[in-house]
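First comes the structure, then the notes that go with it.
Only the coordinates and a few stated rules stand behind these numbers; no lab work does. In this text, all values refer to a predicted model and were calculated from it rather than measured experimentally. Note that each Cβ is placed from the backbone with ideal geometry, even for glycine, and that neighbours are counted across all protein chains shown.
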Amino acid sequence: MQQLKSDLKELVNLKLRNQIDEIVYNEETNRLSTELNELRQQMLILEEEEDQNEKIKERVDEIIQVLSSCQDILEQFDDNLFNALVEKITILSPAHFVFTLKSGMSIDEILDLKVID
């Protein structure tokens, strides 16, 4: 990006000194500006991805803390642990659920509902 900015400045200097043709100046300015804008867009995308990764890392760290605090094997449902791990539950059908964990991971669960006579 710095190189493109420098190239644009050089073009402006050439234009100010009347050392470049108007058509060439316009074409090069447009080309460099387009490249610079594309790089800026890519940089924004990378920054957003970095933010997302940082948030996921924080959530995973929280989950690790919660799980580390559990000393014993669970013998019954622990709603505090469940709430600390699960972000949401999506019910797709009476026997099909998707658990979305706070880490961003999803777990698909399909129950085997056999009818007992």
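Structure summary
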| read-out | value |
| --- | --- |
| Theoretical ellipticity at 222 nm over the chain - DSSP helices of four or more residues, -39500 (n - 2.57) apiece, nearest 500 | -21000 deg cm²/dmol |
| Spin-label pair Gln71/Lys88, simplified geometry with 7 Å Cα→Cβ offset, distance in nm | 3.7 |
| Total lysine pairs whose alpha carbons fall under 28 Å of each other in the chain (8 or more apart, or interchain) | 7 |
| Degrees between helix 2-16 axis and first principal axis of the chain (Cα, 0 to 90, nearest 10) | 20 |
| Efficiency of FRET from Cβ geometry, Gln3 and Asp51, R₀ 25 Å, rounded to 0.05 | 0.40 |
| Tensor-based shape of the range 43-117 (alpha-carbon gyration tensor, a/c under 1.5 rounded, otherwise prolate or oblate) | oblate |
| Helix 22-69 axis, angle to the chain major axis (alpha carbon atoms, nearest 10°) | 20 |
| Value of D in µm² per second that Stokes-Einstein yields for the range 31-84, Kirkwood Rh from Cα pairs, at 10 °C (1.306 mPa s) | 110 |
| DSSP loop trypsin sites (Lys or Arg not before Pro) with at most 13 other Cβ within 10 Å excluded, longest remaining stretch of the chain | 18-113 |
| Amide proton proximity set for Val86, modelled H, under 5 Å, gap of 5+ | Lys102 |
